[in-house]
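Visitor: Just dropping this structure here.
The values are calculated or read from the model by the stated rules, or taken from the named source; none is laboratory data. In this text the structure is predicted, and so the values were computed from the model without any measurement. Neighbour counts are summed over all protein chains in view; Cβ atoms, including those assigned to glycine, are modelled from backbone coordinates with ideal geometry. Quick note on the areas: whole protein, heavy atoms, side chains included, nothing else; ligands and nucleic acids left out. Shrake-Rupley method; radii C 1.70, N 1.55, O 1.52, S 1.80 Å.
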4 protein chains.
Amino acid sequence: MQTNFKKPLSGIIPPLVTPLKDNETLDVESLERLIEHLIAGGVHGLFVLGTTGEEQSLSYKVREQMIRESCRINRGRLPLLACITDTSIVESIRLARLAAEAGADGVVSAPPYYFATGQPELAQFYEELVPQLPLPVFLYNMPSHVKVSFAPDTVRRIAEIEQVVGFKDSSANAVYFQSVMYKMKHRPDFAMLVGPEEITGECVLLGANGGINGGANMFPELYVAMYNAALKHDIARVVELQKHIMQISLSIYTVGKHGSSYLKGLKCALSLLGIINDDFVASPFYKFDAPERERIHQALSQLNIQNGKLIF
Amino acid sequence: MQTNFKKPLSGIIPPLVTPLKDNETLDVESLERLIEHLIAGGVHGLFVLGTTGEEQSLSYKVREQMIRESCRINRGRLPLLACITDTSIVESIRLARLAAEAGADGVVSAPPYYFATGQPELAQFYEELVPQLPLPVFLYNMPSHVKVSFAPDTVRRIAEIEQVVGFKDSSANAVYFQSVMYKMKHRPDFAMLVGPEEITGECVLLGANGGINGGANMFPELYVAMYNAALKHDIARVVELQKHIMQISLSIYTVGKHGSSYLKGLKCALSLLGIINDDFVASPFYKFDAPERERIHQALSQLNIQNGKLIF
Amino acid sequence: MQTNFKKPLSGIIPPLVTPLKDNETLDVESLERLIEHLIAGGVHGLFVLGTTGEEQSLSYKVREQMIRESCRINRGRLPLLACITDTSIVESIRLARLAAEAGADGVVSAPPYYFATGQPELAQFYEELVPQLPLPVFLYNMPSHVKVSFAPDTVRRIAEIEQVVGFKDSSANAVYFQSVMYKMKHRPDFAMLVGPEEITGECVLLGANGGINGGANMFPELYVAMYNAALKHDIARVVELQKHIMQISLSIYTVGKHGSSYLKGLKCALSLLGIINDDFVASPFYKFDAPERERIHQALSQLNIQNGKLIF
Amino acid sequence: MQTNFKKPLSGIIPPLVTPLKDNETLDVESLERLIEHLIAGGVHGLFVLGTTGEEQSLSYKVREQMIRESCRINRGRLPLLACITDTSIVESIRLARLAAEAGADGVVSAPPYYFATGQPELAQFYEELVPQLPLPVFLYNMPSHVKVSFAPDTVRRIAEIEQVVGFKDSSANAVYFQSVMYKMKHRPDFAMLVGPEEITGECVLLGANGGINGGANMFPELYVAMYNAALKHDIARVVELQKHIMQISLSIYTVGKHGSSYLKGLKCALSLLGIINDDFVASPFYKFDAPERERIHQALSQLNIQNGKLIF
């Protein structure tokens, strides 16, 4: 299998929210607006059906539609990754094949999340799964949701399969991220990507390849600027941009109940910014009521936004 | 909607293992043998696609087939419950409708297990889900796998919907179980069922309605005898049977890695007993190798088994 | 060393609250009233400085005073156990020697609770500690507070030291409790005691020796009655008493913040019942304010209490 | 009270191991050698009785001696901080007073670690504790050991007390660290210090004041060099030094059982390097046996050490 990732995938690859009308209906119009907004904002790739994309809450019909429509709208302009995380290996493979047919460039996989595996089982699982996938594979570490963390040595073992071309870490544990970086230093083609936007700057400074940052759905230019500043080792700029990033994180993602506040806040802000029509969140989460929506409105009003763009 | 559970569902309702040939192929012949073995063993109901049934590891095709074939083989002889736990509400509803058409008597639902909900969201989720289901509903508490526990008051709130007719607790936390029992004492038609076979005796003594005991796949008579002894308040017999139950639990479910040892040990023992053909375990777990299989063989040889039946 | 526990310690052994005037001052008068109340209520032993006794929050001066005064007041009427759980082995040994000199009959030890040990280290720790203790030893399982649980095989290994004469489990995990019971069935002199009062009935029915029940500080007769009913296999009575026990548990221990609600509720109720003068709780917890105190008052008023005694 | 921290405490402040002969005997000779080694290595402060210093495992006699001897040996050459973390507020205050008398410059406090407090209780606890302490106070976040994390808003609330002059975070959660940094940006005199040496570089780049790095016990120059490179924004140097730091971390702290491997490996290496006489670890941990010691020896031999100094 030919991979398109001879060089590691780099830059800001936003995990797209999935615009919805209800639990069964993708809002294609909003998706078009979102993707054009991201491409215009200078991002380096697109990642659909991640945790921010609510993959697990969606029906398979909507998951498939989301992949197909995103590939159609993207028209190959940016590398597009599709998440295939599932508890069933059969469904993971099926979704990966559909993604390949639709034109995706890679797939992303977090461990099965009902049964918790030990490390040897986890490695064995990927050794079974990966060869059945038609696209390059990025491993996705998300212990808060899947209960299992890839041990650094497990990443290294799985990554002996050449088709495995990158790693996304959403643990927020920076010691862990450094450990995986060190274990993978023999593979310069291997992309080390970090989930939380709050630490993308420091991770890129230390050698990571980029960030899969949810906030880029709203303000792609900000996160791209952070990536570029870090790449250029412009620390003064990194520190300045970091303040904007933290302000967003601590005002937009912290309304309401912990756990769902990030997703609800992000979708709410996107609808207030006019990027998506409705902030419908799939069950078992529910979009904000008026008081929480007002708090997001106020958080946005604290930012310097002109013509829909954040000035920083 | 008419429910068939005017009286609470009671007795031993084994969570059937799902006999497999590989990740995509149900072993129907073994399933027939298993169901006849259980019915001959005197159990009071059948529960398919639970955690023991590896629902989450199976493709949807196999999940559907498992429900259909089980209903066909059962021919209405026993109440049959199908698990519809899913991260997607749409897929949960779809599976429940299929179960109703196939002839199942009720559905069982644990909370969505990717995103962890707070208690109000959890209640709201079931208030959305239950009215869309065509069958009576049993809530399923399984915090080790789904990360969320139903608070006792949440059970009570959800159970204000008459269609919710029972509760299965697999937490092993007996204080918690007593708390839910107390909160639900106003509904004598509400079935309080306990997962772990190691505590079914004591729970039934205190008023629970029965057990969803995995070991009953192997030795249904033992767990039925425990249920009957507890129902008759025959403590001497309960204590005696408890020793057999603990011997099985501590020898057959404790080989190899924690977490998967229960499932692998149970399927391995069932294949050694000739009840299922193969002990194939769906990915991301893998059946025992020869040394572990030998340990299960030895554990079985410590039991007094004659003509495939445990003597106790 | 001669132990006084040729037969296993049995019955209701309340974990005494520590009556305080402030963080540094034991309220000896209240302690006298509490101990007389307990002895009059028919309990079978006294346990001081447990989790309910706030050992870890107290200065060593108060810990020592609590042991000495309790032994003095008890005058050998009941077996008296002192908790010596500490993160420092040296301080544990020192407190145990003081307890022996003061006249205690045994000591209770949970694992060190700052560093979390693995099972081999845990066994090694007790093999080092126990021979340096001048009294019979009860192991104390309290994973929610000490982060480590004794594996059943670790209990068995440590209990090869004859001086280890019992086990108290506060995990609330009834499967775990049954597993330890089974592993220890070769030692009929070994006391199996359960912490949570909500499950003492069912545990004693299955063969446990008794309960270390916090509610017995308030209403010793109720828990003694439960113990006796279970011992006599009077299931109807057990089920009836269980309702009273659950009512207390779900009304008095559930006010305010989770975690500290049990301790604050218990001390508040004891002060309202006139058993202790003040419900001062040692830092880092703080006694209830007026609104929470009123809720405890109302919870008590729902019980049938006449002349300070619960009628059941 | 006058504090000595008008400017935030900055640089590398090693958490000293506590050299021991046995559970009750401080090895003063080794302590002298260690402190001279650290001062010669250019560190910016000394921190005694932290997690690396095994405070909780030591008797109070040894804790007090460790503070007194360290202050005596230090002779005021470097700012010296003493950890006073305790489950008893009375003992915390007592130790802090002793530290002040001995000449320490500040105290460090992690939350009480037996009972887990909620955030309001945690704030209330520090509002009670801090005014009774005679020295400037650094808060210490250590959720893996104390079960509770300071919420960023709780840090901010407690830090309204001027005497609270800094924060040490050992959570390894870099998103969390950034959040506290942002919440505390109004206090430029407030020291933001990070525990794990694996992320000190990136944290200092983003504005943190320094690191409390255990590895500095062995190779103080390396961590001081990292601090200086980060301070000068010399990213190429940071990345180069990071490789050495990760090599040490992944070879010396990963032998044997997880949890205790860091402490055992560090003390073992220090004894092999001749900095301390014996690698005795206080109960409930135990020093490495010969095979593990050999693995540490090999890990050290992979480093370029000349005349006891790491060449990098």
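Visitor: Please work out the average accessible area per residue across region D:172-312, using the 1.4 Å probe convention, and give it in Å².
Guide: 35
Visitor: Provide a list, ordered by number, of residues in region D:281-295 showing at least 20 Å² less accessible area with every protein chain present than when their chain is taken on its own, using a 1.4 Å probe.
Guide: Those residues are D:SER283, D:PRO284, D:PHE285, D:TYR286.
Visitor: Can you spot the lysines whose alpha carbon is less than 16 Å from C:LYS232's alpha carbon? Ignore those fewer than 8 places along the same chain.
Guide: B:LYS232
Visitor: If you average the sequence gap of Cα pairs under 8 Å that are 6 or more apart and divide by the length of region C:164-261, what percent do you get for the contact order? Walk me through the numbers before you get to the answer.
Guide: Details: 104 pairs, mean separation 20.6, N = 98.
Reported as a whole number, the value is 21 percent.
Visitor: State the percentage of accessible surface on the protein assembly as shown attributable to carbon and sulfur atoms; use a 1.4 Å probe and exclude ligands, DNA and RNA.
Guide: Answer for the protein assembly as shown: carbon and sulfur cover 49 percent of the accessible area.
Visitor: Could I ask something else about it? Antiparallel versus total DSSP beta bridges in region B:1-123: what percent is that, nearest 5? Mind showing how you got there, number by number?
Guide: Values: 2 of 9 bridges.
The antiparallel fraction comes to roughly 20 percent.
Visitor: Round to the nearest 10 and report in Å² the accessible area of C:GLU240, as given by a 1.4 Å probe over the protein chains' heavy atoms.
Guide: Here the residue's solvent-accessible area equals roughly 80 Å².
Visitor: Which entries in A:LYS309/D:LYS7; B:LYS287/D:LYS287; D:LYS61/D:LYS264; A:LYS6/B:LYS147; A:LYS147/B:LYS287 show an alpha-carbon gap greater than 32 Å?
Guide: On the way: A:LYS309/D:LYS7 38 Å; B:LYS287/D:LYS287 38 Å; D:LYS61/D:LYS264 23 Å; A:LYS6/B:LYS147 39 Å; A:LYS147/B:LYS287 22 Å.
As for pairs spanning more than 32 Å Cα to Cα, those are A:LYS309/D:LYS7; B:LYS287/D:LYS287; A:LYS6/B:LYS147.
Visitor: What average number of partner chain Cβ atoms lie no more than 10 Å from the Cβ of the residues making up B:141-149?
Guide: 2
Visitor: Compute the label-point distances linking C:LYS232 to its equivalents in the other copies; points lie 7 Å from Cα along Cα→Cβ; give nm, one decimal, shortest first.
Guide: Ordered by distance, the counterparts are at 2.3, 8.6, 8.7 nm.
Visitor: State the Cα centre-to-centre distance between region B:20-74 and region A:248-287 in whole Å.
Guide: Going from one Cα centre to the other spans 41 Å.
Visitor: Shortest first and in nm to one decimal, what separations exist between A:PHE312 and its copies in the other chains, measuring from label points 7 Å along the Cα-to-beta-carbon line?
Guide: Label point to label point, same position, other copies: 3.1, 6.1, 6.3 nm.
Visitor: Show me the trypsin sites (Lys or Arg not before Pro) within region D:6-48 that DSSP assigns to loop and that have at most 12 other Cβ atoms within 10 Å of their Cβ.
Guide: Loop-located and lightly packed - D:LYS6.
Visitor: Now a separate question. With contacts defined as alpha carbon pairs under 8 Å and 6 or more residues apart, what's the relative contact order of chain B in percent?
Guide: Relative contact order of chain B: 19 percent.
Visitor: A further question follows. Which whole number gives the average count of other chain Cβ atoms within 10 Å of the Cβ atoms across peptide D:167-177? Mind showing how you got there, number by number?
Guide: On the way: counts 0, 0, 0, 1, 4, 8, 8, 14, 12, 5, 5.
Whole-number average of other-chain Cβ neighbours for D:167-177 is 5.
Visitor: I would also like to ask the following. Quick one: buried accessible area between B and C, total over both chains, 1.4 angstrom probe, nearest 100 Å²?
Guide: 2300
Visitor: Using the Kirkwood radius over Cα pairs, work out the Stokes-Einstein diffusion coefficient for chain C at 4 °C and 1.567 mPa s, in µm²/s as a whole number.
Guide: 67
Visitor: Something else now. What is the mean number of Cβ atoms from other protein chains located within 10 Å of the Cβ atom of each residue in peptide B:53-65, rounded to a whole number?
Guide: 4
Visitor: Mind listing, in residue-number order, the residues in region C:181-217 that have at least 10 Å² less accessible area with every protein chain present than in their own chain alone (1.4 Å probe)?
Guide: With the partner chains in place, region C:181-217 has these residues losing at least 10 Å²: C:TYR182, C:LYS183, C:LYS185, C:GLU198, C:ILE199, C:GLU202, C:LEU205, C:LEU206.
Visitor: Moving to a separate point now. With an 8 Å Cα cut-off and a minimum separation of 6 or more residues, compute the relative contact order for region A:71-177 in percent.
Guide: Value for region A:71-177: 25 percent.
Visitor: Keeping all protein chains in the complex and leaving out DNA, RNA and ligands, what accessible area do you get for C:ASP153 with a 1.4 Å probe, in Å² to the nearest 10?
Guide: Its accessible surface works out to 90 Å², give or take rounding.
Visitor: Nearest 500 deg cm²/dmol is fine: what mean residue ellipticity at 222 nm does the protein assembly as shown get from its DSSP H runs of n ≥ 4 alone, each adding -39,500 (n - 2.57), divided by its residue count?
Guide: -13000 deg cm²/dmol
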